[in-house]
Amino acid sequence: MDNCIFCMIASGAIPSTSVFEDDDFKVVFDISPAEKGHLLILPKKHAANVTELDADISAKMLILASKLGQAQMKGLGADGFNIVVNTGEAAGQTVMHCHMHVIPRFKDKGSLISWKQGSYEDGEAAAYAEKIKGAL
Ligand code: 5GP
Ligand code: ZN
């Protein structure tokens, strides 16, 4: 897609350092990493977000993320990794070309993805469940 920065990176129109590439994906470093080694999996075919991805690409992307995370553990000495897909501006998506973050994590650094933990009133989770089930 014209004017899409991740289409340009995935196609090679903009040069980048890549750790993996095949017919479906290019994997590059995030320009502003949460940790050094933070990777972005870019599907080559443009989709604005994960809801628009072909099912086979979605499945392959998670398998690839797991392999990359294991390579971060083996190659970088990471103790774990986060796999993140922000979807929609409200969820923090800033580049509207679907991508999966794979972030290496280290015990001694203590930086984590976090959120303020809430709670449910009695019966509230069941009401939320009905709304979600009704929309599936
Ligand atoms: P989002 O918030 O949309 O899930 O993540 C977008 C990510 O893309 C951010 O972490 C940001 O640092 C990264 N990013 C934005 N522009 C570029 C770019 O031109 N090149 C690379 N490699 N990463 C980018
Ligand atoms: Zn794109």
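The values are calculated or read from the model by the stated rules, or taken from the named source; none is laboratory data. Being a predicted model, the structure only gives us computed values, none of them experimental. Virtual Cβ from ideal backbone geometry, glycine too; neighbours counted across all protein chains shown. Just so you know, the surface numbers come from the protein's heavy atoms only, side chains and all, with ligands and any DNA or RNA stripped out. Shrake-Rupley method; radii C 1.70, N 1.55, O 1.52, S 1.80 Å.
Tabulated data for the structure shown
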item	result
Cα centroid separation - segment 77-136 against segment 6-30, whole Å	25 Å
Cut-off under 5 Å, modelled amide H: who pairs with residue 80 long-range	105
Accessible area per residue in Å² at 1.4 Å probe, computed on segment 39-113	54 Å²
At R0 = 30 Å, FRET efficiency that the Cβ-Cβ distance of residue 36 and residue 14 yields, to 0.05	0.90
Net dipole in debye of the chain [+1 Lys, Arg Cβ; -1 Asp, Glu Cβ; about Cα centre; nearest 20]	440 debye
Positive minus negative residues near residue 127 (Lys, Arg vs Asp, Glu; Cβ under 15 Å)	-2
Prolate/oblate/rounded label for segment 5-111 (Cα gyration tensor, a/c 1.5)	prolate
Contour excess over end-to-end distance, with Cα ends at residue 45 and residue 124 and 0.36 nm allotted per residue	24.4 nm
Isolated Cys in the chain, by beta carbon distance under 4.7 Å	98
Cβ-based charge dipole, segment 5-111, positive-most Cα from 66, 97, 86	66
Calculated FRET value between residue 76 and residue 136, using beta carbons and R₀ = 25 Å, to 0.05	0.05
Entries of 67/131; 74/109; 107/131; 44/74; 60/133; 67/109 with Cα pairs more than 29 Å apart	67/131; 107/131
Sequence-distant residues sharing a close amide H with residue 100 (under 5 Å, placed H)	41
FRET efficiency for residue 29 and residue 63, using Cβ-Cβ distance with R0 set to 25 Å, rounded to 0.05	0.75
